[in-house]
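Chemist: Take this structure, written in structure tokens, and hold onto it; I'll ask about it next.
The values are calculated or read from the model by the stated rules, or taken from the named source; none is laboratory data. Note that the structure is predicted; figures quoted are calculated from it, not measured. Cβ placement follows ideal geometry from the backbone for every residue including glycine, while neighbour counts extend to all protein chains displayed. Calculation scope for accessible area: heavy atoms of the full protein, side chains included, ligands and nucleic acids excluded. Shrake-Rupley method; radii C 1.70, N 1.55, O 1.52, S 1.80 Å.
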Amino acid sequence: MASDVEISAAAWRTLGVTSMVSFMVSLEITVIALARAEIAEAFPDASPSTLSWVITAYNIGVASLLLPSGWAADRYGRRKLFMWGLAIFAVGSLLSGLAPGSELLIVARLLQSVGGALQFPAGLALLLTAFPAQHRQMGIGIWGAMGGLAAALGPSLGALLVDGFGWRAVFLINVPVALVVLVVTPRWIEESVGQGVNDGVDLFAVPLASLGVGAFVLGIVQGGQWGWTSGSTIGAFLVGVLLLLIFVWRSNTHPRPLFDLSLLKLRSYSIGNVGNLLFVVAFFGWLVVFPEFIQRTWGWSVLKTGFAIAPAPMISTIVSPFMGRLADRIGNGPILAAGGVFGAVGGALHLIFTDTEPDFLRGILLPGVFIGLSAGCSFAMLVGATMRDVQPAQFGMAGAGRTTIFQLSIAVGVAIAIALIGQPNSPDAFLDGIRNVWLLGVLLWIGQALLFAFVFPKRPNQAT
């Protein structure tokens with residue numbers, strides 16, 4: 001049960017700053033997909049495989065740098081790393097918006113990814129440190145709601161930006177937001193570090209972790225284009241697995257590991273990461289292919305499609321802060337179990353009602369209500385559940401590990417969904433493919449419900 005400990009003004013300011021950045025970065029992930037066609041038109045000499053790296057480069061860069069960024073935030077200062085990350089992200093956004101060619105755009109996106117990787121674990125650690133433990137889930141709920149709001153506004157705002165100002169606006173809009181946050185952060189947020197963090201770190205493990213995760217994500221995101229049985233895809237997976245296995249061995253034997261494997265002995269942390277995988281694969285599998293289904297089979301425009309699917313993430317935005325307050329009283333487990341049930345119902349309603357003939361109320365809105373409730377019960381609460389028993393000294397490291405799993409799960413969910421869809425040559429073929437996506441989502445959401453109803457520890461600080 002939560003106590004009467006008050007939340008300081010500094011905590012609310014920290015929540016405001018980190019939520020603004022969370023909204024900006026989440027919006028970037030959503031709207032970039034809508035700008036792909038415009039970017040392709042702007043650079044007609046670039047091949048489709050080259051242009052795919054506009055998205056792929058960012059995903060790989062973020063995922064591969066999170067672990068060293070988490071350690072650096074705990075060691076050198078979370079506010080310092082947060083501001084450096086934000087500044088680099090702003091420069092990368094500016095260069096992306098001004099890029100004269102596809103190659104420079106890809107380089108600028110890589111720079112953006114460095115900034116994103118630096119600021120995310122640092123921002124989460126700042127938020128967790130600022131809030132008292134009794135109200136931490138509420139803070140996470142509000143912070144997570146900003147991601148849901150970005151997802152809700154992303155399709156429609158992205159379409160408006162592209163239609164009104166061109167694809168470059170998708171990147172340039174980040175610059176003024178980042179500058180405002182850079183001005184207020186030194187005044188509003190106190191510096192914090194992880195007490196007892198080693199001055200040095202296993203330097204050999206840094207490239208192992210970065211290259212291992214990067215190779216694994218490369219295999220996932222490029223597998224559909226290269227072919228899942230091609231030498232390039234299999235080679236990427238083998239390199240990734242080998243490097244990560246060596247990284248685990250080094251982390252288990254080195255006195256100053258980049259990632260403390262004892263975190264995995266916390267049942268809440270390890271089970272929370274499994275829950276992340278189940279939910280994220282199901283949700284992003286739904287989110288990525290459903291808009292394309294609406295446009296290609298129903299013939300709706302990008303803008304109309306964006307507004308049509310907005311209710312689901314909007315519901316998530318409304319629900320998430322309330323779930324955070326509730327989690328402070330009853331814990332994360334029951335809420336996440338309910339999130340799994342809501343998601344399974346939403347997927348089942350798609351299987352029943354969504355067809356090749358347009359039907360907004362039954363084909364989009366009704367399933368979307370339940371998927372939105374699932375997201376509101378899951379996104380932020382998965383962060384809270386995973387980080388529940390982590391000690392403050394390891395907030396940056398543990399948050400980086402959690403976010404790495406999150407990024408890998410997004411890549412897996414998108415890759416599986418695209419593979420299940422294939423290359424449909426008719427509306428019926430597209431419907432058959434997307435039904436497989438929905439069916440997989442139902443099974444994963446049921447898995448989430450069972451995991452948090454019966455396996456997740458109800459009491460804090462339980463280890464395996």
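Chemist: Taking the alpha-carbon centroid of each part, what is the distance from segment 107-154 to segment 217-286 in angstrom?
Modeler: Result: 21 Å between the Cα centres.
Chemist: Viscosity 1.567 mPa s, temperature 4 °C: what is the translational diffusion coefficient of segment 23-70 from Stokes-Einstein with a Kirkwood Rh over Cα pairs, rounded to a whole number of µm²/s?
Modeler: My calculation gives 107 µm²/s for D.
Chemist: Once label points are set 7 Å from the Cα along Cα→Cβ at both Asn425 and Ser47, what is their separation, rounded to one decimal in nm?
Modeler: 2.4
Chemist: A further question on this structure: As a check on your grasp of the helix formula, calculate [θ] at 222 nm for the chain: sum -39500 (n - 2.57) over DSSP H runs of n ≥ 4, divide by the residue count, round to the nearest 500.
Modeler: Helix contribution divided over all residues of the chain: -26500 deg cm²/dmol.
Chemist: Let me ask something else about it. Could you give each residue of segment 86-91 its phi-based ³J(HN,Hα) in whole Hz, using Karplus coefficients 6.51, -1.76, 1.60 with θ = phi - 60°, and x for Gly or Pro?
Modeler: 5, 5, 5, 4, 5, 5
Chemist: Which whole-Hz couplings ³J(HN,Hα) result when phi for each residue of segment 327-344 is put into the Karplus expression 6.51 cos²θ - 1.76 cosθ + 1.60, θ = phi - 60°, listed in order with x for Gly and Pro?
Modeler: After applying 6.51 cos²θ - 1.76 cosθ + 1.60, I find 5, 4, 9, 10, x, 7, x, x, 5, 5, 5, 5, x, x, 5, 4, x, 5 Hz.
Chemist: What is the calculated FRET efficiency for Ala393 to Lys80, with r their C-beta to C-beta distance and R₀ = 22 Å, to the nearest 0.05?
Modeler: It comes out at approximately 0.85.
Chemist: Still on this structure: For Lys265, give me every one of the lysines with a C-alpha distance below 19 angstrom, ignoring sequence neighbours fewer than eight places off in its own chain.
Modeler: Candidates past the 8-residue exclusion: Lys458.
Chemist: Ordering Leu439, Leu266 by accessible area with a probe of 1.4 Å, largest first, what comes out?
Modeler: Leu439, Leu266
Chemist: Here is a further query. Going by average Cβ density within 10 Å per residue, which order do the peptides 397-403, 245-251, 42-48 take, highest to lowest?
Modeler: 397-403, 245-251, 42-48
Chemist: In addition: Along each of the three principal axes of the Cα atoms of the chain, give the extent in whole Å, ordering the values from largest to smallest.
Modeler: Sorted from largest, the Cα extents of the chain read 60, 47, 43 Å.
Chemist: Please report, to one decimal in angstroms, the Kirkwood hydrodynamic radius of segment 183-274 built from all distinct Cα-Cα pairs.
Modeler: Hydrodynamic radius (Kirkwood, Cα pairs) of segment 183-274 is 15.8 Å.
Chemist: Here is a further query. Residue-wise, which Karplus ³J(HN,Hα) couplings in Hz belong to segment 432-449, taking 6.51 cos²θ - 1.76 cosθ + 1.60, θ = phi - 60°, and x for glycine or proline?
Modeler: Values per residue, Gly and Pro as x: 4, x, 6, 5, 5, 5, 5, 5, 4, x, 4, 5, 5, 5, 4, x, 4, 4 Hz.
Chemist: Continuing with this model, one more query. By a straight-distance test (C-alpha under 14 Å), which aspartates and glutamates pair with Lys304 as possible cross-link partners, with residues fewer than eight away in the same chain excluded?
Modeler: Asp163, Glu292, Asp359
Chemist: Something else: Over what distance in Å are the Cα centres of segment 394-459 and segment 35-55 separated?
Modeler: 27
Chemist: Now a separate question. At a 1.4 Å probe radius, which order do Val193, Val217, Val412 fall into by accessible area, largest first?
Modeler: Ranking Val193, Val217, Val412 by accessible area, largest first, yields Val193, Val412, Val217.
Chemist: Let me ask something additional. Taking 7 Å along the Cα-to-C-beta vector as the label spot, tell me the Trp228-Leu160 distance in nanometres, rounded to one decimal.
Modeler: 4.0
Chemist: Just order 308-317, 360-369 by mean Cβ neighbour count inside 10 Å, highest at the front, would you?
Modeler: In decreasing order of mean packing, 308-317, 360-369 become 308-317, 360-369.
Chemist: How big is the convex hull of the Cα atoms of segment 98-199, per residue, in Å³?
Modeler: Value for segment 98-199: 139 Å³ per residue.
Chemist: Next question, about the same structure. Explain nothing, just the number: dipole magnitude of segment 277-428 about its Cα centre with +1 on each Lys and Arg Cβ and -1 on each Asp and Glu Cβ, in debye rounded to the nearest 20.
Modeler: Charge dipole, segment 277-428, about its Cα centre: 400 debye, nearest 20.
Chemist: Can you list, bin by bin at 5 Å, the percent of alpha carbon pairs in segment 135-251, starting at 0?
Modeler: Going from the shortest bin to the longest, the percentages are 2, 9, 9, 9, 10, 13, 19, 17, 9, 3, 0.
Chemist: While we're here: Accessible area of the chain with a 1.4 Å probe: how many percent of it is carbon plus sulfur?
Modeler: Carbon and sulfur: 68 percent of the exposed surface of the chain.
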